[in-house]
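Take a look at the structure below.
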Amino acid sequence: MPGLALRVTENGAKSWTILYRHRGRLRRLTLGSVAVIDLADAREQAKEKLRAANKGADPASEKHERRRAKTIGDLATDYIERHAKRKKRSWKDDDRMLRTEVLPDWEHKAIEDIKRRDVRGLVDAIAERGALRTDPGLSRAAMSRPRHPSRVLRTETRQRSCTRI
């Protein structure tokens with residue numbers, strides 16, 4: 001198949017690559033190790049990537065951008081430096097909370113990989129340890145409302161939400 005190549009390094013590592021042109025420049029994209037990807041799979045991946053390149057996409061740049069995706073650690077640093085330090089006197093509390101509760105598990109996770117269930121799991125874990133602060137006014141408001149099941153669920157969810165995240 002034109003464009004598909006087997007690349008062998010000086011150390012003997014073998015990997016499948018494709019060569020294509022994007023805006024007149026020769027580009028190379030590594031598909032994976034020969035030990036992990038067999039020839040049939042390499043051909044299939046090469047077809048997909050070369051087809052995308054023919055339509056004007058740049059698969060190598062897309063792969064590079066995915067690897068450079070902004071992480072939760074980057075977001076936390078930006079938040080503290082660009083917002084909290086400038087606008088909040090309690091920024092040190094925010095910084096401590098992020099460093100102790102969020103970043104140990106999520107520092108290197110890409111933002112786009114975080115789902116709602118991940119956030120719920122984190123908040124639930126913090127609540128189980130008793131580290132959440134709830135708003136007492138919210139509890140009083142919940143008690144004064146009729147106990148319709150949908151309102152109970154919403155109220156309980158609000159009470160468990162972390163006001164410091």
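So the values come out like this:
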| read-out | value |
| --- | --- |
| Matching residues in the range 54-103 - criterion: being assigned by TED's automatic domain parsing to the domain that holds L19, among the small types (G, A, S), over 21 Å from the mean Cα position of the chain (by Cα) and at negative phi | A57 |
| Search result, residues across the range 14-37 that are under 15 Å from H64 (Cβ atoms) and of a type in the set (K, R) | R25, R27, R28 |
| Residue, nearest to R129 (Cα to Cα), within the range 80-102, restricted to residues that are touching a helix residue (DSSP H, G or I) at 6+ places or on another chain (Cβ under 6 Å) and not acidic (D, E) | L98 |
| In the range 13-37, the residues that are under 29 Å from the mean Cα position of the chain (by Cα) and among the charged types (D, E, K, R) | R27, R28 |
| Count of the range 82-95 residues which are without any contact (Cβ under 8 Å) to a residue 60 or more places away in the chain and either polar (S, T, N, Q) or surrounded by 12 or more Cβ atoms within 10 Å (Cβ to Cβ) (or both) | 8 |
| Some residue of the range 28-47 being more than 27 Å from D124 (Cα to Cα), touching a residue at least 12 places away in the same chain (Cβ under 8 Å) and acidic (D, E) | no |
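The values are calculated or read from the model by the stated rules, or taken from the named source; none is laboratory data. Please read all numbers here as calculations on a predicted model, not as lab measurements. Cβ sites come from the backbone with ideal geometry, for glycine too, and all protein chains shown count toward neighbours.
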